[in-house]
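To start, the structure itself, in structure tokens.
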Amino acid sequence: MVQVKKAKNYYPSESHEQIVFIARVRFFYPHLVFNVMSIPNGGWRHKKTASQLKKEGLLAGAPDILVALVRGKWPGLFIEMKRVKGGQVRKNQKKVHMHLKDQGYKVEVCKGADAAWKVFEDYVKMECPAGKYVGISALPHSISALKSPRLPGWGSGKHEGVKN
């Protein structure tokens with residue numbers, strides 16, 4: 001008879017914990033699918049891809065998840081996901097977290113999907129302060145109303161792939 005040894009003290013990876021958390025959000029809060037997103041900073045990448053992503057704004061130390069909802073006194077929530085055991089917050093992550101907190105965001109380090117779920121539910125259930133949330137009715141009715149002096153020609157319809 002062959003005996004199979006069970007893995008002792010096995011804890012899922014940070015990636016697995018994040019997948020579980022996002023699956024819960026999508027199942028229980030499907031109306032927030034556009035408000036909860038990952039910031040994919042981790043993992044191995046080819047040198048060329050890594051270089052391209054850095055040029056596009058990839059920032060080492062950025063938290064793993066953004067919850068783009070105004071709640072309480074915060075304009076949004078950032079979640080740094082860690083394994084239940086063994087995950088460490090690195091120096092560059094601490095630096096980014098402090099900067100985001102200084103800008104008024106709520107930043108939480110969560111060890112596992114269950115911890116992230118608790119933080120998320122507590123945050124989502126907070127009241128939205130009056131006057132801090134822009135509803136759809138406050139947005140311009142056409143893209144041409146979104147002209148910006150920093151983006152010459154924006155809203156002119158002369159962009160690749162835009163049909164008038």
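Once the Cβ-Cβ distance between LYS91 and SER13 is put in as r, and R0 is 25 Å, what FRET efficiency do you end up with, to the nearest 0.05? Write out the running numbers ahead of the final one.
Values: r = 21 Å, r/R0 = 0.86.
Between LYS91 and SER13 the formula returns 0.70.
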Once Lys and Arg are counted +1 and Asp and Glu -1 for all other residues with Cβ under 15 Å from that of GLN88, the total becomes +4
Sequence order, the stretch 65-79: Karplus ³J(HN,Hα) from phi using 6.51 cos²θ - 1.76 cosθ + 1.60, θ = phi - 60°, Hz rounded, Gly and Pro as x, gives 9, 10, 10, 8, 9, 7, 8, x, 9, 10, x, x, 10, 10, 10
Taking placed amide H atoms and a strict 5 Å upper bound, the residues 5 or more places from VAL84 or on another chain that come that close are GLY112
Bridge orientation stat for the stretch 14-134 from DSSP, antiparallel percent rounded to 5, came to 55 percent
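I'd like to know how the stretch 1-117 sits against the 2.2 N^0.38 Å rule of thumb: what's its Cα Rg over that expected value?
Working: Rg = 16.5 Å, N = 117, 2.2 N^0.38 = 13.4 Å.
The value comes to 1.23.
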Taking a crude spin-label model, label points 7 Å out from Cα along the C-beta direction, the LEU58 to VAL33 distance in nm is 2.7 nm
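Here, each number is a calculation from the coordinates, and none is a lab measurement. Quick caveat: nothing in here was measured; it's all calculated off a predicted structure. So basically every Cβ, Gly included, is an ideal-geometry build from the backbone, and we count neighbours across all protein chains shown.
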